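None of the figures in this text is laboratory data; all of them are computed from the coordinates on show. Everything numeric here is computed off the predicted structure, so don't read it as measured data. As a convention, Cβ positions derive from the backbone with ideal geometry for all residues, glycine included, and neighbour counts pool all protein chains shown.
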Amino acid sequence: MAKAKVTFEDIELTVNVPAGTRVIEVSEKVGSGIIYGCRECDCGTCMMEITEGWDNLSEPSVLEDKVLRENMAGRHQRLACQAQILGDVTVKPA
Amino acid sequence: MSSSINLNLMQGKAVQLDDGVYWVGALDPGLRTFDIILSTANGTTYNAYLVEGDEGVAVIDTVKEEFSDEFFQRLESVTEYSRIKYIVLNHLEPDHTGALPELLKRAPQAQVCISQRAQSMLKALLKDSRETLNYTAVQTGDSLSLGNCTLQFFNTPFLHWPDTQCTYLLEREILFSGDVFGCHFCDARLFNDKVGDFRFSFDYYYAHIMRPFKNWVLQALDLIEPLSLKMITPAHGPILRDRPRRYVTHYRELSTSSLSGELAHNEKSLIIFYMSSYGNTARMAEAIYAGTDQVEGVRVSLYDLQGGETEPFVDLIEEADGIMFGSPTINGDAVKPVWDLLSSLVVVNLRGKLGAAFGSYGWSGEAIQMVEDRMRGLKMRVPIEGVRIKLIPTDEELEQCKEFGKEISSFLVGKSKQQGKVLELAEL
């Protein structure tokens, strides 16, 4: 299975994960400061900033796009409960 | 005291502040608790303003819904609804937008001017008419003309909501600041040089409303300080016409870190708080303290929560780079003094601070994870799993505590073994 690295910049830790893993599946286990509300793409609480590897996440769904717009997300911000890791990426809480 | 001001207030008339500028707000002297969290010993005011230009009128903010009649009465004393060209909303909280739906019915031609971030909130406030809303979103650098006078906008987010902005009346040098420079203080004499001593209310309001957003306050001050200021007209409390700049200076003082001058360059501050019932968590705290102190570049403080009040501890936490909490587990929970402190931290910004937890337990030991979760909820970083020890710590376990302390301090100065490490998902 393809592997990818996700680095949590706030706690300076990297995890090797199978491609397709959602950020939420890793960030809580390692204690990153990304926090979660609804966990189902509604509230926007888990907004994170992608500092490297922006293109290595799955494309946002129509619903995620809507929530990002409503929360005035910046260009390199995504929801950690939705984004799937496809290649090496570095993230931090937004 | 100017008797004409009081007379106008009594008669429900607008109070003139300057040429073409009026206060059209409302007094709420009976209020004792604002928004659940704030107390006030003499009520508050909901300040709304009207600016009259030769090409139309702008209304700046409105009042809490219950006070709408007073607001409309004052408004009608100086203008007709058909003349209202703009409604500027510096902040969309209900105490400033309560009369908005009715105002829009009476002045349907008016265009609402709000910040970019306020758009979704405006639509939520006016759900019934969201399809027909006539509004424009403005940002720093935007302005609008009322003919012989100009309103300039300054985007000042998070003071204290994401939507907040300030509006400046260029020709009169008046800053309509929203909640910034405001306070919950009600005095019918209205002006800072006439009302009673409101210094406590001013600082109390800052401490509870603006303090969590100090960095945003400093950014806003960078925009406000270059302005010529004849008067600051906030959304609550006295109108600041006498030496308004001293309030700006005071805001900068309040928003500037006091400890930064105490610490050496690049030195980090770490505070360990603990509470112990049988002395076991205290022993752990001492060992952790000894470990943290082994790392150069970290100034560590150890406090027993039993011996201190919450408020000064909140002040310490605000300035610290790292915070550790030690709590025994009693009845499956962390102990109350720990929660008391953790629930008092909403007034300070904790984002990005390092957090860690530890504690002794008898049966289950849930307290540590609960405290860690709370710290994450407060947007702190909790990179290192806390230490839980069943009952009395052995020498070996105390050594483990010492290592834990050392690791936390090392993390603060960027020298932790964990930093830069690559883990496998399956190991987690």
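At most 15 other Cβ atoms within 10 Å and a DSSP loop assignment: could you name the trypsin sites (Lys or Arg not before Pro) in the range B:211-251 that fit?
Values: sites: B:K214, B:K230, B:R241, B:R245, B:R246; in loops: B:K230, B:R241.
Qualifying residues, ordered by number: B:K230.
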| Quick one: Cα centre-to-centre distance for the range B:327-343 and the range B:59-135, in angstrom? | 45
| Considering chain B as a Gaussian network with a 10 Å cut-off on Cα pairs, which listed residue, B:F213, B:F200, B:F154, attains the greatest mean-square fluctuation? | B:F200
| Which residue, chosen from B:V21, B:V248, A:C38, occupies the Cα position most advanced towards the positive end of the dipole of the protein assembly as shown, where the dipole is computed from +1 (Lys, Arg) and -1 (Asp, Glu) charges on Cβ about the Cα centre? | B:V21
| Taking a ≥ b ≥ c as the square roots of the eigenvalues of the Cα gyration tensor of the range B:1-109, is the shape rounded (a/c under 1.5), prolate (a/b larger than b/c) or oblate? | oblate
| remark: Honestly the range B:282-404 on the Cα gyration tensor test (a ≥ b ≥ c root eigenvalues; a/c under 1.5 rounded, otherwise a/b vs b/c for prolate or oblate) is just oblate
| request: Using +1 at the Cβ of each Lys and Arg and -1 at the Cβ of each Asp and Glu in the range B:41-84, identify which of B:G53, B:I84, B:F72 lies farthest towards the dipole's positive end. | output: B:F72
| field | Theoretical gain in end-to-end length, B:R106 to B:S143 [0.36 nm per residue, Cα-Cα removed] | value | 10.9 nm
| said: To the nearest 20 Debye, how big is the dipole of the range B:138-215 about its Cα centre, given +1 on the beta carbon of each Lys and Arg and -1 on that of each Asp and Glu? | reply: 160
| remark: antiparallel share of DSSP beta bridges within chain B, to nearest 5, in %, is 45
| field | Theoretical gain in end-to-end length, A:C43 to A:K5 [0.36 nm per residue, Cα-Cα removed] | value | 11.0 nm
| query | Do any GluC sites (Glu not before Pro) in the range B:80-154 lie in a loop, going by DSSP, with at most 12 other beta-carbon atoms within 10 Å of their beta carbon, and if so which? | reply | B:E80
| message | Taking 0.36 nm per residue of sequence separation and subtracting the Cα-Cα distance, how much length would be gained by fully extending the chain between B:L133 and B:S39, in nm to one decimal? | response | 30.3 nm
| task | Hand me the trypsin sites (Lys or Arg not before Pro) from the range B:161-206 located in a DSSP loop with no more than 10 other Cβ atoms within 10 Å, in residue order please. | result | none
| query | Dipole size in debye (nearest 20) for the protein assembly as shown around its Cα centre, Lys and Arg Cβ +1, Asp and Glu Cβ -1? | reply | 340
| field | Beta bridge orientation in the range B:1-116: antiparallel %, DSSP, nearest 5 | value | 70
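P(r) tail for the range B:3-255, what percent of Cα pairs lie past 28 Å?
Counting pairs separated by more than 28 Å, the tail of P(r) holds 24 percent.
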| remark: If the label point sits 7 Å along Cα→Cβ of B:A207, residues of the range B:296-327 with amide N under 13 Å come out as B:310-316
| If you build the Cα gyration tensor of chain B and take the root of 5 times each eigenvalue, what three semi-axes come out, in whole angstrom, biggest first? | 51, 21, 20
| task | Count the DSSP beta bridges whose two residues both fall in the protein assembly as shown, then state the antiparallel fraction as a percent rounded to the nearest 5. | result | 50
| said: Please compute the modelled spin-label separation between B:L170 and B:E319, points set 7 Å along Cα→Cβ, answer in nm with one decimal. | reply: 4.3
| message | Percent of Cα-Cα pairs more than 23 Å apart in the range A:3-93, please. | response | 12
| message | As an exercise, take the mean of 1/r over every pair of distinct alpha carbons in the protein assembly as shown, invert it, and state the Kirkwood radius in angstroms. | response | 25.6
| said: Quick check on the range B:61-206: take the gyration tensor over C-alpha atoms, sort the square-rooted eigenvalues as a ≥ b ≥ c, and tell me if it's rounded (a/c under 1.5), prolate or oblate. | reply: rounded
| In degrees, nearest 10, range 0 to 90: what is the angle between the Cα axis of helix B:280-292 and the longest Cα principal axis of chain B? | 80
